[in-house]
1. In segment 172-207, which residues have a backbone nitrogen under 16 Å from the label point lying 7 Å from residue 90's Cα in the Cα-to-Cβ direction?
2. In sequence order, what are the phi-derived ³J(HN,Hα) couplings for segment 283-297 according to the Karplus relation 6.51 cos²θ - 1.76 cosθ + 1.60 with θ = phi - 60°, rounded to whole Hz, with x for glycine and proline?
3. Is the shape of segment 55-139 rounded, prolate or oblate, going by the alpha carbon gyration tensor and its root eigenvalues a ≥ b ≥ c, with a/c under 1.5 for rounded and a/b larger than b/c for prolate?
4. Show that you can apply the helix-only estimate: for the chain, add -39,500 (n - 2.57) for every DSSP H stretch of four or more residues, divide by all residues, and state [θ] at 222 nm to the nearest 500.
5. What whole number of Å gives the distance from the Cα centroid of segment 103-141 to the Cα centroid of segment 300-371?
6. Going highest first, how would you order 368-377, 100-109 by mean Cβ packing within 10 Å?
7. Roughly what angle does helix 79-89 make with the longest principal axis of the chain, taking Cα atoms, 0 to 90 degrees, to the nearest 10?
8. For residue 157, what residues show an amide H to amide H distance below 5 Å, using hydrogens built from the backbone and excluding near sequence neighbours?
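The values are calculated or read from the model by the stated rules, or taken from the named source; none is laboratory data. Being a predicted model, the structure only gives us computed values, none of them experimental. Here Cβ is always computed from backbone atoms with ideal geometry, including for glycine, and neighbour counts include all displayed protein chains. For the accessible areas, the whole protein counts, side chains as well, though only heavy atoms, and no ligand, DNA or RNA atoms are used. Shrake-Rupley method; radii C 1.70, N 1.55, O 1.52, S 1.80 Å.
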Amino acid sequence: ICRICPKKIINSLQKYTTKYLDLIIKNRLRIIMQHFEFNTTPLIKFGSGCLEQLGNITLKKIGNKILIITDKGIIETGIIEKALRSLKEANVDYTIFSDVQADPPESNILESTNLSIEKSVDGIIGIGGGSSLDVAKVTAVLSKQQEKLNEIYGIDNIKGHRLPLILIPTTAGTGSEVTPVSIVTTGKSEKMGVVSNKIIPDAAILDPELTMGLPPHITAATGIDAMVHAIEAYTSKSQNNNPISRSLAKKALRLMGKSIETAVHSGSNIEARSNMLLGSMFAGQAFANSPVAAVHALAYPIGGHFKVPHGLSNALVLPHVLKFNAVTSPHIYSEIAYCVFPNLKGNSSQEIAQEFVEKLSELSKRCGLQQKLSEVGIKSNSLNMLAREAMNQTRLLVNNPRDLNEKDAFHIYKAAL
């Protein structure tokens, strides 16, 4: 080097520095300028008591002849009366379908659709948990009589239009009021998804007062479900994982991380209820555009075969899927860990990810949820069947940050047993 002219050394360094800086900048710009698409509900009304505006919103978004889709639990709580009062004041004519079941079977959707067609309604209002909202979404499509249910399963298979649609969640969990997804139980146990931006509703009304009467175990299960939505949206391998979804996922985790235990153990705390409902919606917006992955894929067979509520199914496999993923992708979990648990002590991304998983398990336990598959009646002789069926959830598994096969699924279920 000493024999080379200093000027040549400088020129050479400048040449290669410029070359590699250009490569870095180009790659950085490629990340910054990533192409993505973000869709969400056009009108979102949030706030205590905002259900009182339902009548006027219905007249603007739908018309004056509607079908309300809900379940018997919502009828018994009296929530429906608040909605009907607002509709009556606006002179809106309504019919009620209240036979929605948890993890709704196809028969539910066909029954509500037949009623919608019979009454020649102008549009649909869904009130309740995720099941009622999911039934409302598909009913709005099938009521146009342009396609059949078995033709629209999968991604972007809705070719026609739908009736106008308003969704009103009464749980802080599914985020269905802002997502393009409806989950239907086909046959005895398998779940299929209808996925299309066409079933994102025209309006969502989020009134935290409607969640005040939720029992602790439902508050806990739906809350953990919403947190899973945010975690999987942030870490999704989807090509449409985007800055908006990631920001919403972090905001959702901050809101719910500081509020879920208060909402579970002090259910009348309106601030905690509001944070959970808003966080659930943010998480819904995040995963609506950056889809969920293996936690949901492994949870669906549990719910389908053993009738375990969806949120609890997610909670049971969550730490074990995250442990599996963190082997190859600890950094993405370390990026969101502090949103939920600000006082983590790990130094490396691997340590932080591991602590994150452990803290999530402890949080679930403090919220009163079962911790093992055996606690919900699942035995070891069912694990092969669960693993095999989880592999059918290909639309979800492709988004997982680490590739997962049937053998991996079996070991995850075994760890959760």
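1. Counting only backbone N, you get 201-207.
2. Residue by residue, segment 283-297 yields 5, x, 4, 5, 7, 5, 10, 9, x, 6, 9, 5, 4, 5, 4 Hz.
3. Working: a/c = 2.08, a/b = 1.31, b/c = 1.58.
In terms of gyration-tensor shape, oblate.
4. Working: 17 runs with 222 residues, N = 417.
That calculation yields -17000 deg cm²/dmol at 222 nm.
5. 34 Å
6. Working: 368-377: 15.1, 100-109: 19.0.
Result, highest mean Cβ count within 10 Å first: 100-109, 368-377.
7. For 79-89 against the chain, the angle is about 70 degrees.
8. For residue 157, whose amide H was placed from the backbone, the distant partners under 5 Å are 195.
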